[in-house]
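Below is one structure, written out as structure tokens; comments come after it.
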């Protein structure tokens, strides 16, 4: 197989493990902590998870291994969107499994959770797994978005496990995937199948985190990749001095990616969705905020700049959320087909104007026509607007242009305004993992097998103290139910892992808030460059700015 020099070098990289996992499998013991409870809705969550709720948090430390010796047959699933480091979770799981007993077996279910339901798998061996060490992507077995959430699915999964003698399943995924892991673990325990279920925290969006899970894997690499690109654009922007670049980044439900990229690159403007919601900002107010930066810089002879926009920001604008809700209601049931049968946009516009309230129609009218039409593109499986298809970077650049035209007519603005648009999403999902993510993910996988070996189920593989060198990381596990609350989903109350939003009183946002006025006017760009794999640890192994600020570093 032909490989690039970087591929060959990454295959040879040896990930660093937490100190307590370096002693050898025979010298790792368990220290149990206090019983846990869910973050909210304790009685309801406990009633839904009677066999797995309230378990103790645990940490691994040096000591005699007291786990019972037995052959382990483990299945692993990659679930949801790709995130850098997923391959190393599988590699760490495989290495720990084989280090414990060479007769242990690891099944990889192909294409995500559907592979388990369809009994579509491969069995890992050294030659196959060595091709994927320290590499990006999920192509080792593929991924998918099938949800494991029904009794029928669980019964099928249990039969597949029984067929192959599988003793444990490891699900590598985000908040929804690990919610499903918790429900599957409860089913397996309630039916005495003997199958354990362990989760691993994955999402580049960074919203699977809490006091226990300091970072989800992939966030470090993805934000470093995006920041490299943003830094490149800033350098170009400062060279040509003629464009305002509007850059949308991943983050449908939270703005962690946008905030981290802002801390890394110091753009002129960065929107934070959670602040937009907190201040109940309108589209017009957001456009004014950006236009103020454009005007200030123009007065200094700088008709260029960079704006970072989180993917889901429009959903946090109260008036826009109300508009989307009305559109969803307006096109419910057969009305969607009636709308789609209309030929021209004028006909569709008339249909829309009759269906919206006066307040929402005012919001709709200020949108550029291209954005108006994007609100009526293909619906999601539940018949709702696909907000991810809205080009919010173009929405705000157009609205800022209109604001500046008004200011120019009033004689308060005399600058030039030309724009470029970017959306960074896929560019970061499958990058070669940074040293941090290579180490973190390998540790999560290795640690997941230790949880299996000691008989735990319904637990999330947990590695903490991540702002310190890997030697000082702490490995262990926490019950997934600890992170859960009840939320309304598709008309029903369901147990789900609570998403972590940007904390407006947290150190990362406070640092951003303290500096953004200066960034808005001056050119303070930082150019983080490419992810560094080789060189001094001060360059290669640094953590995200977000985690460093959270830990007071």
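Ranked by the mean number of other Cβ atoms within 10 Å of their residues, highest first, the peptides 249-255, 55-61, 37-43 fall in the order 249-255, 55-61, 37-43.
Note on region 1-49: Cα convex hull, mean projected area over all directions, 8.2 nm².
Distances longer than 32 Å among the Cα atoms of the chain: what percent of all pairs is that? Percentage above 32 Å: 48.
Taking all C-alpha pairs of region 361-433, those more than 17 Å from each other amount to 61 percent. Between residue 235 and residue 488, the distance separating the two model label sites (each 7 Å from Cα on the Cα→Cβ line) works out to 5.0 nm.
Once the convex hull of all Cα atoms in region 342-381 is built, its volume per residue stands at 88 Å³.
When each of 44, 462 is scored by the number of other beta-carbon atoms lying within 10 Å, the sequence from fewest to most is 44, 462. With a Förster radius of 25 Å applied to the C-beta separation of residue 32 and residue 70, the computed FRET efficiency comes to 0.75. At q = 0.14, 0.29 Å⁻¹ the log10 of I(q)/I(0) for region 154-207 amounts to -0.37, -1.12, computed by Debye summation with a single uniform scatterer per C-alpha, solvent ignored.
Once you divide the Cα radius of gyration of region 411-553 by 2.2 N^0.38 Å, the number left is 1.43. Peptide packing for 128-138, 148-158 was compared via the average number of neighbouring C-beta atoms within 10 Å per residue; ordered from the highest value, the list is 128-138, 148-158.
With neighbours defined as other Cβ atoms within 10 Å of a residue's Cβ, the residues 484, 330, 281 order from fewest to most as 330, 281, 484.
Considering only alpha-carbon pairs that sit under 8 angstrom and 6 or more positions apart, the relative contact order computed for region 1-92 is 29 percent.
Binning the C-alpha pair distances of region 76-177 at 10 Å intervals from 0 yields a P(r) profile of 16, 49, 31, 4 %, listed from the shortest bin outward.
Ordering 471, 492 from the fewest to the most neighbouring beta carbons within 10 Å gives 492, 471. Pairwise Cα distances in region 34-82 exceed 17 Å for 66 percent of all pairs. The slack between residue 47 and residue 416, meaning 0.36 nm per residue of separation minus the straight C-alpha distance, is 126.6 nm.
Computed from Cα atoms, the angle from the helix 151-164 axis to the main principal axis of the chain rounds to 40 degrees.
Each helix, a run of at least 4 DSSP H residues, gives -39500 (n - 2.57); summed and divided by the residues of the chain, these come to -12500 deg cm²/dmol at 222 nm.
Evaluated at q = 0.10, 0.11, 0.15 Å⁻¹, a Debye calculation over the C-alpha positions of region 331-480 (equal weights, vacuum) places log10 I(q)/I(0) at -0.71, -0.77, -0.89. A simple spin-label model places pseudo-atoms 7 Å from Cα toward Cβ; at residue 285 and residue 472 they are separated by 4.1 nm. Using a cutoff of 8 angstrom between alpha carbon atoms and counting only pairs six or more residues apart, the relative contact order for the chain works out to 24 percent.
Relative contact order (percent) for region 298-365, with alpha-carbon contacts under 8 angstrom and 6 or more residues of separation? Taking the mean separation of contacting Cα pairs over the length of region 298-365, I get 38 percent.
The Cα atoms of region 227-318 give a gyration tensor whose axes a ≥ b ≥ c have a/c of 1.5 or more with a/b no greater than b/c, which makes the shape oblate. Cα extents for region 143-291 along the principal axes, largest to smallest and rounded to whole angstrom: 65, 32, 27. Quick note on region 1-148: its Rg to Rh ratio, both from C-alpha atoms and Rh being the Kirkwood radius, is 1.01. Calculated on C-alpha atoms, the gyration radius of region 265-323 divided by its Kirkwood radius gives an Rg/Rh of 1.03. Multiplying the residue separation of residue 386 and residue 353 by 0.36 nm and removing their Cα-Cα distance gives an extension gain of 9.9 nm. Residue ranges 498-509, 224-235 sort as 224-235, 498-509 when ordered by packing (mean number of other C-beta atoms within 10 Å per residue, highest first). To the nearest ten degrees, helix 283-299 and the longest principal axis of the Cα atoms of the chain are 70 degrees apart.
The stretch between residue 332 and residue 534, if pulled fully straight at 0.36 nm per residue, gains 67.2 nm over its current Cα-Cα span. Against the chain, whose longest principal axis is taken from its Cα atoms, helix 345-355 shows a tilt of about 80°. Note on region 40-117: Rg/Rh from Cα positions, Kirkwood definition for Rh, rounded to two decimals, is 1.05. With q set to 0.22, 0.23, 0.29, 0.32 Å⁻¹, the log10 of I(q)/I(0) for region 503-544, from the Debye formula over equal scatterers at the Cα positions, is -0.86, -0.87, -0.93, -1.01.
If you model region 118-187 as an ellipsoid using its alpha carbon gyration tensor, with each semi-axis the square root of five times an eigenvalue, the axes come out at 24, 16, 10 Å, biggest first. Kirkwood-type hydrodynamic radius, region 290-402: 15.5 Å, calculated from all non-identical alpha-carbon pairs. Using a 7 Å offset from the Cα along the Cα-to-Cβ direction at both residue 325 and residue 300, what is the distance between the two label points in nm, to one decimal? In this crude label model, residue 325 to residue 300 measures out at 4.1 nm.
A short reminder: the numbers here are calculations on the coordinates, not readings from a lab. For clarity, every value in this text was computed on a predicted model and none was experimentally measured. With ideal geometry, Cβ positions are generated from the backbone for all residues, glycine too; neighbour counts draw on all protein chains shown.
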